[in-house]
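Read-outs: derived from the displayed coordinates by stated rules, not from any lab. The structure displayed is predicted, hence computed values, not measured ones.
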Amino acid sequence: MKIVSVLLLLPTLATSFFPGGVLTPKPFGSSSLLNAEKVVIVTGASRGLGRSIALDLAKAGSKVVVNYAGSEDKANAVVEECKAAGAGGAIAVQADCSDPDAIAAMFKTTVEEFGTVDCIVNNAGITKDGLVMRMKPEQWQSVIDINLSGVFYASQAFFKVASKKRTGRIINISSVVGQFGNPGQANYAAAKGGVIGLTMSNAKEFATRGIQVNAVCPGFIESDMTAELSDEYLAKMCEVIPAGRLGKPEEVAGMVRFLALDPAAEYITGHCFNVDGGIAIGC
């Protein structure tokens with residue numbers, strides 16, 4: 001009986017968030033975003049995990065926007081890889097994700113090229129590790145600016161486009177570090193933890209416009225950085241992972257593709273999906 005009362009109260013609560021009146025929800029499941037040939041922006045896609053995500057979406061036939069901050073040659077190379085993989089189209093667009101004006105310009109370029117934006121994968125991120133007692137203000141702020149504020153700016157820009165169509169999907173790349181913390185990464189943990197909170201808040205706000213917002217939390221994933229670690233150190237890392245190995249970028253990309261394109265993800269919003277080999281179980 002109490003549950004029913006709470007559910008009946010929810011429309012009333014909605015009016016407090018939107019003083020102009022209750023927004024008419026667009027029923028989940030009625031979105032047109034049910035096939036692969038969609039326009040997807042992937043931030044930080046010139047290398048690493050972002051590149052793997054862009055290529056995976058390209059293989060599904062998506063039109064991919066490869067965002068980059070400074071590596072133009074690498075971004076253009078990823079564009080060619082996307083085209084060869086079967087993308088419906090691919091372009092590289094430079095934008096500093098910590099700059100809201102640059103984000104707005106990226107969306108303008110994308111709409112001019114492809115006519116719309118159906119999905120954004122907020123992947124761009126940096127690390128500037130250090131112990132809290134020694135961390136300089138610039139170390140803290142630069143990580144927050146790109147890893148958290150950048151997701152906020154891009155989500156705002158995406159909403160302006162997607163809300164008019166009443167359909168769209170946002171996938172935010174967070175991290176298990178944002179869930180459980182990590183010594184020497186207070187700035188990164190704070191930013192990625194903030195991304196999880198932002199994901200849930202935006203999911204609640206954007207649902208009335210038919211927009212799904214979810215996050216993916218990778219664990220320890222193979223990268224250029226892990227390739228430089230000693231076998232002994234890697235073995236110690238794998239000891240705390242129930243799966244006994246590092247994850248592959250393609251495994252994270254597969255989860256992103258599901259959330260971005262699959263019809264089965266149409267009724268999923270406000271959730272955080274760990275791709276971590278079970279490491280969260282032991283944290």
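May I ask you to compute the full-extension gain from Met200 to Glu113, defined as 0.36 nm times their residue separation minus their alpha-carbon distance, rounded to one decimal in nm?
Net length gain for the segment: 28.2 nm.
Helix by helix, which DSSP H runs in the chain go 27 Å or more along their axis at the Cα atoms and have an average Kyte-Doolittle hydropathy of 0.0 or more?
Numbers: long enough: 186-206 (29 Å, 0.19).
Helix filter hits for the chain: 186-206.
If the cut-off is a Cα-Cα distance under 17 Å, which lysines reach Lys128, setting aside same-chain residues fewer than 8 apart in sequence?
Filter leaves Lys136, Lys192.
Leaving out same-chain residues fewer than 8 places away, which lysines sit with a Cα under 25 Å from that of Lys164?
Answer for Lys164, where 25 Å is the Cα cut-off: Lys26, Lys38, Lys63, Lys108, Lys204, listed by chain and number.
Once you keep just the Cα pairs under 8 angstrom separated by 6 or more residues, what percentage relative contact order results for the chain?
Relative contact order here is 19 percent.
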